[in-house]
1. Work out, in µm²/s and without decimals, the Stokes-Einstein translational diffusion coefficient of segment 8-64 at 4 °C, 1.567 mPa s, Rh from Kirkwood over C-alpha pairs.
2. Rank VAL164, VAL31 by accessible area, highest first, at a 1.4 Å probe radius?
3. Search the structure for amide H atoms under 5 Å from the amide H of LEU146, placed 1.01 Å from N in the peptide plane, and list their residues when 5 or more places away or on another chain.
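The values are calculated or read from the model by the stated rules, or taken from the named source; none is laboratory data. None of these values were measured; they are calculated from a predicted model. Side chains are part of the model used for accessible areas, which takes the heavy atoms of the whole protein and leaves out ligands, DNA and RNA. Shrake-Rupley method; radii C 1.70, N 1.55, O 1.52, S 1.80 Å.
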Amino acid sequence: NMDKTQLPSVTLIVGCGVSSLTLLLLIIIYVSVWRYIRSERSVILINFCLSIISSNALILIGQTQTRNKVLCTLIAAFLHFFFLSSFCWVLTEAWQSYMAVTGRLRNRIIRKRFLCLGWGLPALVVAISVGFTKAKGYGTPSYCWLSLEGGLLYAFVGPAAAVVLVNMVIGILVFNKLVSKDGITDMKLKERAGALQSGTPQSQKPPSMSSVIG
């Protein structure tokens with residue numbers, strides 16, 4: 001039975017509190033100037049902040065609810081969801097960057113896909129995990145989180161690791177795209193600079209030898 005109540009430590013309270021207040025302030029700033037900065041990236045950032053704030057709140061609440069088995073199980077499940085969603089929103093940011101670099105960004109369609117990836121995928125993983133385990137392992141007598149026994153923790157570690165791996169791949173692709181574009185731009189600038197230095201406009205070519213002889 002969950003007969004112990006563990007209060008959050010001062011360090012945990014300060015850490016989660018400062019993090020949440022900072023992110024909340026960032027959201028308020030973004031909302032106040034939304035008409036000027038409205039973009040897909042801003043939407044992603046706000047959703048990411050909301051997932052972290054929710055995680056921080058559940059961490060603090062969960063430390064005091066270990067005696068209530070039902071509530072502790074719910075907190076563990078939602079904490080699983082919000083932790084995964086924070087990873088997925090980072091993945092969404094990487095995806096958005098790739099779409100922007102490749103010029104394939106379409107607001108209405110992509111925004112729905114962003115929301116499905118940021119919130120829908122974590123919800124699907126948690127739903128499958130809860131259904132498969134019948135919520136066994138969500139919440140322990142010591143903390144309201146996934147149990148270290150039975151391998152349930154891999155329901156978080158596995159998807160999180162996959163997201164990190166995909167992020168790395170997308171990051172490499174975006175970097176290669178940017179480098180290739182910069183290289184093309186540099187070549188054009190070099191050609192233009194060389195033409196100016198020689199005193200020949202880029203739009204005019206010097207006369208050929210055959211025309212001069214003729």
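1. Once the numbers are plugged in, D ends up at 107 µm²/s.
2. VAL31, VAL164
3. Distant-sequence amide H within range of LEU146: GLY139.
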